[in-house]
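S.K.: Sharing a structure here in structure tokens format.
Just so it is clear, none of the values below were taken in a lab; they were calculated from the coordinates. Being a predicted model, the structure only gives us computed values, none of them experimental. Note: ideal-geometry Cβ built from the backbone for every residue, glycine included; neighbour counts use all protein chains shown.
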Amino acid sequence: MCGIVAATARREVSEILLEGLRRLEYRGYDSAGLALIDAERNLLLHKRLGKVAELEKAQAMTPHLGCVGIAHTRWATHGEPSAANAHPHISGNRIALVHNGIIENHEPLRAELRAAGYEFLSQTDTEVIVHLLHQQLAQGCEMLPALKQIIERIEGAYAIAAIDAENPDTVVAARSGSPLVIGVGIGENFLASDQLALRQVTDRFIFLDEGDVVAMTATGLHIENAAGDLVERPMQRVSEAVEAVDLGGFEHYMLKEIHEQPRALAATLGLGSEHHIDDARFGEGASAVFDKVRAVQVVACGTSYHAGLVARYWLEELCGIPCSVEVASEFRYRSRARREGTLLVTVSQSGETADTLAALRDQSEGEFIASLVIANVDHSSLVRESDLVFLTRAGTEIGVASTKAFTTQLVAFLMLAVVLGRRHGLSEVRERELVDALHQLPDCVASTLQLDADIKRLSEAFILKHHALFLGRGIQYPVAAEGALKLKEISYIHAEAYPAGELKHGPLALVDADMPVVAVAPGDELLEKLKSNLEEVRSRGGELFVFADRKAGLRDEPRVHVLNMPHCPAVIQPVTYTVALQLLSYHVAVQKGTDVDKPRNLAKSVTVE
């Protein structure tokens with residue numbers, strides 16, 4: 001969601017701040033701003049509604065230069081998208097502050113500050129923080145103690161960075177429920193909500209822990225933990241090359257990332273010529289944990305939740321152990337019955353998803369034997385706080401609608417099902433079959449991508465539609481749900497998914513000539529039942545778009561359009577059919593003229609509740 005960049009250096013930092021914001025554009029935002037302190041200790045500010053490019057124009061017309069500064073991209077929560085509501089917020093023409101998160105008790109604090117004479121220029125919850133900080137500094141408090149005092153009064157989630165024109169070499173910061181990372185330079189230091197924002201200036205990072213507060217100058221770092229103790233957090237060198245984030249000849253990042261999936265899947269598998277999956281892929285001590293697992297609890301949000309729904313079929317079929325899958329925001333707020341020997345599995349592309357992270361932190365004593373995270377970002381909060389880790393190798397995903405991150409999560413889950421299955425009766429022969437199928441997966445996805453032109457032709461029938469229905473049976477039902485989510489995310493067509501067997505229990509009432517129905521129809525044991533469901537749709541005037549295994553025997557008929565999918569091992573078909581539905585949603589959105597990579601109202605990383 002919102003992005004923070006800050007810098008304190010012996011050189012001018014405005015372009016560093018802007019470049020950091022550019023690298024955070026993929027997260028989703030509606031406005032941007034920066035504040036710097038110049039050589040005369042003046043606080044200088046630019047804020048603009050819209051893209052970072054608008055902020056760049058303002059900086060080009062009236063350059064603000066300084067060696068200390070903060071910058072921000074905002075995704076609206078409190079207050080509409082506007083320049084007034086954009087960050088940084090200012091108090092007393094002295095303090096500038098940026099904030100990610102939500103302050104839940106902002107209303108009583110706002111009333112208190114108004115009574116004290118503070119004027120509010122925005123609708124945001126953030127403005128109460130900057131006025132509280134100014135109030136403390138005006139009473140003679142130093143910057144870091146002042147910040148510590150105000151965070152004791154605010155409730156909610158936050159990552160905060162602030163500068164003070166009267167302390168022109170210092171950036172102070174705090175985090176609780178929202179990530180912050182320090183980038184360590186030579187004679188300069190940086191701060192950001194995502195290390196990607198700082199990779200152009202350093203490869204050395206300090207990942208702040210929950211509750212940390214920081215005072216940062218060009219030559220020094222002072223970090224205190226939530227208890228107020230001075231601490232040294234480990235510095236980690238991120239040595240992998242920064243992945244290119246150019247479009248590479250594709251029209252959109254989403255299309256580029258769809259086509260990167262064969263490579264991403266192969267990298268995530270990392271199998272070489274082996275026919276065995278090593279427990280160690282899940283972290284040190286994984287074998288001892290897996291020996292005790294008798295059940296699995298998956299907790300995730302959005303697309304990652306759909307990955308968990310697919311995984312339930314694999315885990316229960318291949319391992320014979322129960323698997324529960326729950327949306328993190330629901331899991332957190334209910335009483336739960338315990339099941340002995342349960343492994344908690346959290347799933348998050350960013351590793352910072354707020355509700356999923358809170359679910360990990362809120363588990364009761366002894367509720368789970370261990371926690372495993374499946375994530376795409378190393379050093380993220382979920383990765384650092386979980387017992388076991390499986391890092392997918394999707395690479396940087398810029399498009400807000402997840403594609404390669406989702407399919408690599410599916411691979412991680414299938415590998416987990418294999419290693420757990422070995423402990424619950426999965427034979428060596430069956431394991432070899434499964435691993436052989438995984439070896440075939442990148443090529444099967446590449447074959448699916450060759451259907452791009454055919455899928456584009458199908459997409460033309462959706463352009464003027466306002467609703468769509470997605471159907472699947474068995475393990476393909478969550479694939480249908482993911483397809484519906486993609487269509488609604490980027491084309492703004494209302495789309496819902498149902499198990500095909502539920503048609504007669506309500507959804508059939510919606511079927512008419514204006515409601516396209518998308519069906520996922522691999523050639524499995526449920527095919528004949530699915531054919532019956534499809535006939536129910538056709539007989540009521542519905543238009544069908546069927547993604548079918550080429551050996552399933554389905555063909556085009558009046559009001560039935562069949563896309564013949566490559567024949568692949570059944571266990572990996574959820575991945576190949578997902579890729580086809582990604583292409584369908586992409587082409588519909590392009591032809592409708594929506595912003596494919598940055599759909600309205602959505603953010604890449606949801607770091608607030």
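S.K.: Taking the alpha-carbon distance from LYS504 and a cut-off under 13 Å, which aspartates and glutamates remain once sequence neighbours fewer than 8 residues away in the same chain are dropped?
M.R.: Partners found: GLU535, GLU536.
S.K.: In terms of modelled amide H atoms, which long-range or inter-chain residues lie less than 5 Å from the amide H of VAL373?
M.R.: THR346, LEU388, VAL389, PHE390
S.K.: Between TYR492 and ALA453, what's the calculated FRET efficiency when r is the beta-carbon distance and R0 is 25 Å? Round to 0.05.
M.R.: 0.55
S.K.: Still on this structure, I have one more. Report for the chain the percent antiparallel among DSSP-assigned beta bridges with both residues inside it, nearest 5.
M.R.: Antiparallel bridges: around 60 percent, rounded to the nearest 5.
S.K.: Now a separate question. Can you give me the distance in nm between label points at GLU317 and HIS275, each placed 7 Å from the Cα along the Cα-to-Cβ direction?
M.R.: Going by the 7 Å Cα→Cβ label model, 2.1 nm.
S.K.: Pull out the extension gain between LEU121 and ARG204, defined as 0.36 nm times the separation in residues minus the alpha carbon to alpha carbon distance; nm, one decimal.
M.R.: Result: 26.1 nm gained on full extension.
S.K.: For a quick check: sort VAL520, VAL418 by the number of other beta carbons within 10 angstrom, fewest at the front.
M.R.: Ascending Cβ contact count within 10 Å gives the list VAL418, VAL520.
S.K.: Another one. Using only Cα atoms, tell me the angle between helix 302-319 and the longest principal axis of the chain; keep it within 0 to 90° and round to the nearest 10.
M.R.: 50
S.K.: Hey, another quick one. What relative contact order, as a whole-number percentage, does the chain give when Cα pairs under 8 Å and 6 or more residues apart are counted?
M.R.: 12
S.K.: How much length would be gained if the chain were fully extended between ALA226 and GLN440, taking 0.36 nm per residue of separation minus their Cα-Cα distance, in nm to one decimal?
M.R.: Once the chain is fully extended between ALA226 and GLN440, it gains 72.1 nm.
S.K.: List the lysines whose Cα sits under 18 Å from the Cα of LYS465, skipping any in the same chain fewer than 8 residues away.
M.R.: Within the straight-line limit of under 18 Å, LYS465 reaches these lysines: LYS456, LYS486, LYS488, LYS592.
S.K.: Please work out the FRET efficiency for the pair LEU65 and ASP362, using the Cβ-Cβ distance as r and a Förster radius of 35 Å; give the result to the nearest 0.05.
M.R.: Rounded to the nearest 0.05, the efficiency is 0.15.
S.K.: With a cut-off of 15 Å, note down the residues of region 439-456 whose backbone N falls inside the zone around a label point 7 Å from the Cα of ASP556 toward its beta carbon.
M.R.: What the label zone holds, given the 15 Å backbone N cut-off, is 453-456.
S.K.: If you average over every viewing direction, what projected area does the convex hull of the Cα atoms of region 154-239 give, in nm²?
M.R.: 6.0
S.K.: Nearest 0.05, what FRET efficiency do ARG334 and ARG384 give at R0 = 30 Å with Cβ-Cβ as r?
M.R.: With a Förster radius of 30 Å, E is 0.70.
S.K.: OK, next. Expressed as a whole percent, how much of the Cα-Cα distance distribution for region 3-237 exceeds 27 Å?
M.R.: Cα-Cα pairs of region 3-237 separated by over 27 Å account for 25 percent.
S.K.: Still on this structure, please answer the following. Need one number: % antiparallel among DSSP beta bridges in region 450-609, to the nearest 5.
M.R.: 5
S.K.: From zero outward in steps of 20 Å, how is the percent of C-alpha pairs of the chain spread across the bins?
M.R.: 20, 49, 28, 4
S.K.: Mind putting a number on the dipole of region 253-441 about its Cα centre? Charges go on the C-beta only, +1 for Lys and Arg and -1 for Asp and Glu, and I need it in Debye to the nearest 20.
M.R.: It works out to roughly 220 debye.
S.K.: Next question, about the same structure. At 7 Å along Cα-to-Cβ for each site, give me the label-to-label distance between ALA288 and ASP512 in nm.
M.R.: Here the modelled spin labels are 6.4 nm apart.
S.K.: Counting pairs of alpha carbon atoms under 8 Å apart in space and at least six apart in sequence, what relative contact order in percent does region 146-283 give?
M.R.: With pairs under 8 Å counted, the relative contact order is 16 percent.
S.K.: Another one. Check the straight Cα-Cα distances from LYS47 and name the lysines below 30 Å, setting aside those fewer than 8 residues away within the same chain.
M.R.: LYS57, LYS148, LYS598, LYS604
S.K.: Also, I was wondering about something else. From the helices alone, meaning DSSP H stretches of at least four residues, give me the mean residue ellipticity at 222 nm for the chain, per-run term -39500 (n - 2.57), in deg cm²/dmol to the nearest 500.
M.R.: Mean residue ellipticity, 222 nm, calculated: -10000 deg cm²/dmol.
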